[in-house]
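Novice: Before anything else, here's the structure in question.
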Amino acid sequence: MKKKSIQMCGITLATALLAGLVAVGANEKKDMSTKIAESSVTTNDNGSVSRVFVENTISTNGNLVTEHRRETRTTMDRDGNVLATTTSEYAQSYNVGDTGWTLNTKLTPDNDKPVVTDKFMGLTFGEVLGETNTVREAGEPSLLRIAFKPKQPLAGFDDYFAYVTPKTHKIAKICACAKKAVEPGGNWSRHYLVEALEKRYGTWARPISWSRPYYAFRVAPERCITVCLAGASDDYQTVINAWDESIVRLADQEEEELRKEARKTAKSRRDQQVKEAAEAF
């Protein structure tokens, strides 16, 4: 996502607490609780300061894993006066078997239909978008961003983006973004977005971060999906990304071709300038 222009102050605090190591039964399984705290300070363009304190707790009880995240965000003006304070919490529990994930949901497509992996949010990877209102992002040097509205939007999500190759405008990446964290509801079950993606693609989510509720899906050899449920970026709390790796590589190739063409054009223009100046002298 495109980040706001900010000055980052390098203040990060991380602590881990291991407690409650108890042997359970003959298998000698141990319960464990890990707590990680992180603090950051950001100075905004208008001089205000944002302080964020995040506490993440991961507890195990046999095969049951519980994740709990609490974030407190405080905004102050130049003089240190508190302008606003917000607190958000996220929690989920799931089972971990001896050989992998054990879920309550049936990981097979409905009605035994084949899993379609080339579409996401109504768009098809490799499809050409003729939209000319494109945006460059620092984090995506080889892709152009285009905003779109899906026919069936996700509840709680604000913005949707398609990232296309710079020359042929083929869709390589699709994102759904929510400014506020999309909460799981009142129960402590697996987040419904994670469960929905598992059901949609018939595959398990793989945690890829200990500090955030962040998961990855390999839905096909060249296609991946990630979902960050909270703290995804400065602009968005919950973000779902889907991309085709082969088209992302195509975007890199097209970007290099465009750069070569630009260098060639620049050289030709300079040669012409030198020639005209020499004739004038």
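The values are calculated or read from the model by the stated rules, or taken from the named source; none is laboratory data. Just so we're clear, the structure is a prediction, and the values are computed from it rather than from any experiment. No Cβ is skipped: glycine too gets one built from the backbone with ideal geometry, and neighbour counts run over all protein chains shown.
Novice: Based on what the data block shows, is Pro213 buried (at least 19 other Cβ atoms within 10 Å of the Cβ), outside the structural domain of Phe53 (by TED's automatic domain parsing) and not aliphatic (A, V, I, L, M)?
Specialist: Considered against the rule, which asks whether it is buried (at least 19 other Cβ atoms within 10 Å of the Cβ), outside the structural domain of Phe53 (by TED's automatic domain parsing) and not aliphatic (A, V, I, L, M), Pro213 comes out as yes.
Novice: Looking at (1) in contact (Cβ under 8 Å) with a residue 60 or more places away in the chain; (2) surrounded by fewer than 17 Cβ atoms within 10 Å (Cβ to Cβ), which is the one condition that is false for Ala196?
Specialist: For Ala196, the failing item is (1).
Novice: Is it fair to say Ala251 is under 22 Å from Pro166 (Cα atoms) and out of contact with any Cys (no Cβ under 6 Å at 6 or more places or on another chain)?
Specialist: Working: under 22 Å from Pro166 (Cα atoms): yes; out of contact with any Cys (no Cβ under 6 Å at 6 or more places or on another chain): yes.
In short, yes.
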